[in-house]
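Notes follow once the structure below has been shown.
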Amino acid sequence: MPVEWAGSGPELLVTIDRASGAGLRAQLEEQLRTAIRAGRLAGGEPLPSSRVLARTLGLSRGLVQDCYAQLQAEGYLTSRAGSATRVAATASRGPGTPPPKPGRTTGHAIADFAHGVPDLGLVPRDDWAWAVREACRSAPDSAFGYGEPAGARPLREVLAAYLGRVRAAAVTPDDLIVCSGMQQSLNLVLATVDASPVAFENPGPGLPARRGIPVPVDEEGLDVEALRRTGARAVLVTPAHQWPTGVVLSGPRRRQLIAWARECDGIIIEDDYDAEFRYDRDPVGSLQGLAPDHVVSLGTVSKSLAPALRLGWIVVPPRLFEPLARAKWLADRGSPGIDQLALATLIESGRYDRHLRRVRSEYAARRETLVGALTRHAPHLAVTGLAAGFHAVLHLPPGTTEDQVVSSAVARGVGLYGMAGLCARPAPPRLILGFGNTPRGRIEPGIAAIADLLGALGKT
Ligand SMILES: Cc1ncc(COP(=O)(O)O)c(C=O)c1O
């Protein structure tokens with residue numbers, strides 16, 4: 001009769017067949033080896049103690065100890081005095097093979113100036129794991145059921161205090177709806193707000209043509225007079241760091257924009273994009289804090305922590321709270337509850353702020369490296385939009401096209417990305433240089449390669 005174990009430690013099915021004629025130790029060894037090679041037992045996972053495994057499978061403890069010793073000798077397992085026997089970190093690819101580096105998967109040999117992601121190697125994994133564990137440990141049973149449509153109250157309380165403190169937002173927990181990132185927040189707001197068409201920034205992420213009217217952005221941000229002329233009563237803006245030009249909405253434009261909303265009883269949808277990453281001056285507060293009745297403000301942890309967490313929030317005027325909370329409930333019955341509690345725990349513990357301080361100084365150093373490299377290698381090219389975040393805009397010389405530069409760069413091992421896809425009308429050639437996930441040491445060689453290829457195109 002086969003005896004199976006799926007006991008404590010990692011879930012794993014081990015079948016010992018006493019009628020097969022094969023040795024018991026050989027059976028156990030082979031099954032563990034196969035599970036590790038196939039990745040069913042991952043590197044670092046603890047195995048049950050020899051005592052527990054022996055008892056569960058009806059084997060002698062000595063046999064299990066011999067089996068573990070053999071697999072240790074082969075490099076599949078590791079053990080340290082006083083702690084559990086574990087699967088070796090490199091074992092699932094075969095002993096002796098180094099693990100792949102987590103994070104960067106760029107195919108560009110010299111540098112990849114991709115934008116839109118923070119440094120995935122700097123994600124505070126240990127802090128997040130700690131926060132999830134704390135949330136699981138301390139949450140009442142009810143936290144594992146469906147939560148409030150607007151999100152877990154502890155997170156809304158912590159976020160309200162945080163946004164008041166850091167973004168000068170005028171917000172209570174009853175004005176907050178937790179969502180799965182900015183994109184879901186935006187979809188829900190567009191579906192709920194009774195305003196069509198909606199104006200959006202050009203360049204900008206755009207909106208479906210049926211619903212959207214592009215409005216130009218200049219060095220002060222959105223052109224509010226042009227917005228007024230459209231007749232739209234809702235507008236999507238990125239005032240803290242305009243996406244993608246990188247300019248900050250100026251003080252006078254902020255006042256004009258709020259005056260516009262009050263005059264036409266309009267709605268400003270504020271994507272509080274990159275607000276956490278301001279290096280040269282104090283951060284500008286959110287628009288929401290200046291006109292809470294007319295601004296819907298969208299926040300996310302995609303840049304501050306990691307896109308994979310899929311957590312964000314909407315600060316809503318009171319009249320929109322119920323319809324938006326209902327829309328969120330109908331969309332997905334709420335964002336993952338334990339993750340919400342983990343985020344609350346992370347912020348409350350001070351670890352979130354500590355992480356931001358750490359990554360902010362790294363991004364500031366990369367920004368300096370980028371500016372220095374451009375000054376050395378391509379002083380004739382204008383670079384703008386560096387006030388915040390982790391991208392800048394490089395203005396290409398007249399006579400070049402974005403496609404031409406991007407494809408020549410790729411051939412030289414540099415990942416570059418043009419801005420044309422974010423422009424509603426033809427515009428001068430520009431590149432969006434992201435440095436969020438570009439290691440500092442890659443920036444200088446990448447910029448040197450760009451300067452070199454522009455030289456080869458006869459454009460220096
Ligand atoms: C302008 C802008 N805002 C916010 C985000 C973050 O979106 P999400 O929170 O859905 O990840 C992005 C992502 O690329 C973006 O481009």
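All of the numbers you see were taken from the coordinates with simple rules; none came from a lab. The model shown is predicted, which means the values in this text are computed figures rather than measured ones. Please note: Cβ atoms are built from the backbone with ideal geometry, for glycine as well, and neighbour counts cover all protein chains shown.
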Let me have the 222 nm mean residue ellipticity of the chain computed from DSSP H runs of 4+ only, each contributing -39500 (n - 2.57), with the sum over all residues rounded to the nearest 500. -12500 deg cm²/dmol
List the pair-distance distribution P(r) of the chain, using every Cα-Cα distance, as the percent of pairs falling in each 20 Å bin from 0 up to the bin containing the longest distance, rounded to whole percents. 21, 43, 27, 9, 0
Amide H of GLY43 versus every other amide H placed in the peptide plane: which residues, excluding those fewer than 5 positions away on the same chain, fall under 5 Å? SER92
Proxy exposure order for ARG278, ARG262 (fewest C-beta within 10 Å first) is ARG262, ARG278
In region 187-254, GluC sites (Glu not before Pro) in a DSSP loop with at most 11 other beta-carbon atoms within 10 Å: GLU219
Dimensions (Å) - region 299-424, Cα atoms, principal axes, largest first: 53, 36, 29
Packing-based exposure ordering (other Cβ within 10 Å, fewest first) of TYR417, TYR279, TYR76: TYR279, TYR417, TYR76
Starting from 0.36 nm per residue, how many nanometres of slack lie between ALA69 and ALA143 once their C-alpha separation is accounted for? 22.3 nm
Along principal axes, Cα extents of region 105-180, largest first, whole Å: 50, 32, 21
Can you give me the long-range amide H partners of ILE267? Hydrogens built in the peptide plane at 1.01 Å from N, cutoff under 5 Å, separation of 5 or more residues or another chain. ALA234, VAL235
Relative to the chain, whose Cα atoms define the longest principal axis, helix 24-37 and its Cα axis are tilted in degrees, nearest 10, by 10 degrees
Here the percent of antiparallel bridges among DSSP beta bridges lying wholly in region 193-256, to the nearest 5, is 20 percent
Which whole number in µm²/s is D for region 124-349 by Stokes-Einstein, with the Kirkwood Rh taken over Cα pairs at 37 °C and 0.692 mPa s? 184 µm²/s
Placing unit charges on C-beta atoms (Lys and Arg positive, Asp and Glu negative, everything else neutral), compute the dipole magnitude of the chain about its Cα centre in debye, rounded to 20. 800 debye
Between THR375 and ALA81, with labels modelled 7 Å along Cα→Cβ, what's the label distance in nm to one decimal, could you check? 5.6 nm
Can you tell me the alpha carbon radius of gyration of region 218-303 divided by the globular rule-of-thumb value 2.2 N^0.38 Å? 1.03
Name the long-range amide H neighbours of LEU433: under 5 Å, sequence gap of 5 or more, or other chain; modelled H, no Pro or chain starts. ALA392, VAL393, LEU394
Using Cβ counts within 10 Å as a stand-in for footprinting exposure, how do HIS241, HIS355 rank, fewest first? HIS355, HIS241
